[in-house]
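Below is one structure, written out as structure tokens; comments come after it.
Taken together, the values in this text are just the output of simple stated rules run on the coordinates, not laboratory data. On a predicted model such as this, the values are computed, not experimentally measured, just so you know. All Cβ positions, glycine included, derive from the backbone under ideal geometry; neighbour counts span all protein chains shown.
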Amino acid sequence: MQFSVLLSIYHKENHLFFHRAMTSIWDEQSLKPDEIVLVEDGPLTDSLYEAISYWQKKIPTILKTIKLDENQGLGKALAIGLEACSF
């Protein structure tokens, strides 16, 4: 069974919460997703970019990022991300 995980992140998110979510999705699951689609909903903080970079290096073929120039809000960001999901 193939599946995607879809996430959206924006500038007010705590980078530690993002790390925790990714750890749960990737490190702590016996059935891992075939791809993780992360929508960057507008410009982010340096700490969030660093956290995303860490995961891009750890799982480069799994983590796919979509960058939005401006914050669109959760619903719109997820709709955009859904179109990018392969599964």
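For this structure, a couple of remarks:
- Close amide-amide hydrogen proximity is noted between residue 6 and 37, each under 5 Å apart and 5 or more residues distant or on a separate chain (H modeled in the peptide plane; Pro and chain starts excluded).
- Region 70-87-region 46-64 distance, computed between alpha-carbon centres (Å): 18 Å
- Excluding exposed DSSP-loop GluC sites (Glu not before Pro) (at most 14 other C-beta within 10 Å), longest clean stretch of the chain: 29-69
- Gaussian network model of the chain, springs between alpha carbon atoms under 10 Å - residue of 38, 48, 68 with greatest fluctuation: 68
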